Amino acid sequence: MRGNRDSIAHLSEAGLGEGAEPSLGTRFLVFPQPPFVAGYEKPEVVWLAPSAGRILAGPADNRMYVADPVEPKRPYALPVLPPYRGSLRPPAEPGPDGHFDHIAPSSPAFLSTHSYACARRVLDICEGYIGRTIKWFFEPGLSRLEIVPHIRNWDNAQSGFGFLELGESEADKATSCFALNFDSVAHEMGHLILLSELGLLEGNGKGTDFFAYHEAIADFISLLGLLHFDTAVDRILRRTSGNLLINNELDRFAELSDEKQIRSFNNSLRTRDVGDEVHDRSRPFAAGLFDCLVEVYQSLLFERGLSDLNPRRFSNLRQQMAPALIETNLRGSKDDYELKHFASKAALQEARDIVGECVVRSWLGLDPDYLTFETAAEAFLEAAERGRARPYVGQFEDCMQWREIFW
Ligand SMILES: [Zn+2]
């Protein structure tokens, strides 16, 4: 059976059932972390930007659609590109109210609604930061992104010209299903959004940090996405008593970061510490962005009387705070944290958006063929200077210098 990819011209809010709320968005269930991660066993209700009735069976909208092949499908590789031309399973149908949150994790259609919702959520967030629609880099050749929610016996996820594909291994379905992993979908969406906004290489990328920068940004977009879930922000803050100066190197704090996105940024890697492999090379810059986020968060806490720690007294708060001081801070704040939780949460969400905006707005000033981490950090500081991150530019510069992005 074919999906609804050709019926997009008929999008309309007409025909919605009783109780529809056309202008509020559309509800889906999303796991902020894979459901086998403790504390994330239940999905969260998420509202996507297109209003109820504008997301059709598939799910499908004017930017992306799910294609769930009946036959075993091989991952796309040139010259084979979307749209998928084989038979498709029946599309996931919205309820009479136009929403999709009636489709539970136990339903066969859940991988379709979940992977679509994760992808669409990341696009909504990034378009919000940029302040306009992001045009796909594969337009006009293809007008929409095709999401393939599961490819059997393929332990991977990939994105490319018009597609996002998610594998699962037969041996360990529960933990290997990429469609249930917001982090993986968001990472791939990060690549697609960056390709669309920054553009493609004209040369082969030699002598640039184009590929490593892509990995850093894809990871950081995944972190920004995670920090848009109440479940995640509540858990991270309550577990750490609002103190994000946790550091993986201190083993006793390792349990404070269940979320993969947080774990991967919690390091003290400088440029000199990593090799040339793109994922490895991406880590100091990505962690530098996380340092910046924590700087803004701690600054807001201090300015609002929620913390006695003034980040501006340190040239890089996360890296310079002595372990003993972190521990004292953690112990001291446990008891009275609950009274500060909502104010701390507001500060973290504001810090997330301040740094998120700088990242996406820095792309305007970058040329893929001349992209180095140094030019990327400069563009990031310039974007900060132009927006509401201006008071933190000095702190951002210190963070990037500590990571040896600037020499
Ligand atoms: Zn990647």
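At a glance:
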quantity: Any hit, segment 208-217, residues being within 16 Å of the ligand (Cβ to nearest atom), under 19 Å from Leu300 (Cβ atoms) and assigned to a helix (DSSP H, G or I); calculated: no
quantity: Identity of the residue in segment 218-240, among the charged types (D, E, K, R) and either within 16 Å of the ligand (Cβ to nearest atom) or over 21 Å from Ser115 (Cα atoms) (or both), that ends up nearest to the chain's Cα centre (by Cα); calculated: Asp219
quantity: Qualifying residue in segment 145-160 (condition: surrounded by fewer than 22 Cβ atoms within 10 Å (Cβ to Cβ), farther than 24 Å from Gly86 by Cα and either within 16 Å of the ligand (Cβ to nearest atom) or under 20 Å from the mean Cα position of the chain (by Cα) (or both)); calculated: no
quantity: Given (1) at pLDDT 95 or above; (2) away from the ligand (no atom under 16 Å from the Cβ); (3) among the polar types (S, T, N, Q), index of the condition Ser196 fails; calculated: (2)
quantity: Residue check, Ile134 of a type in the set (Val, Ile, Thr) and under 19 Å from Pro82 (Cβ atoms); calculated: yes
quantity: Inter-residue pairs, beta-carbon under 7 Å, first assigned to a loop (DSSP other than H, G, I, E, B) and in segment 358-369, second modelled with pLDDT of 95 or more, 6+ apart; calculated: Leu366/Leu198; Leu366/Thr375; Leu366/Ala376; Leu366/Ala379
quantity: Some residue of segment 169-180 being crowded, with 24+ Cβ neighbours inside 10 Å, of a type in the set (Gly, Ala, Ser) and in the same structural domain as Val30 (by TED's automatic domain parsing); calculated: yes
quantity: Answer residue from segment 183-199, given it is over 22 Å from Ala232 (Cβ atoms) and touching a residue at least 60 places away in the same chain (Cβ under 8 Å) and is surrounded by the most Cβ atoms within 10 Å (Cβ to Cβ) among those; calculated: Leu194
quantity: Leading residue by the ranking (modelled with the lowest pLDDT) among those in segment 251-280 that are within 16 Å of the ligand (Cβ to nearest atom) and under 25 Å from Glu357 (Cβ atoms); calculated: Gln261
quantity: Per-region count, segment 98-112, residues crowded, with 18+ Cβ neighbours inside 10 Å and on the phi < 0 side of the Ramachandran plot; calculated: 8
quantity: Restricting segment 161-192 to residues that are in a helix (DSSP H, G or I) and more than 16 Å from the ligand (Cβ to nearest atom), the residue that is nearest to His150 (Cα to Cα); calculated: Ala179
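The values are calculated or read from the model by the stated rules, or taken from the named source; none is laboratory data. It should be emphasised that the depicted structure is a prediction, and the values quoted were computed from it without experimental measurement. Don't worry about glycine lacking a Cβ; one is built from the backbone with ideal geometry, like all the others, and counts go over all protein chains shown.
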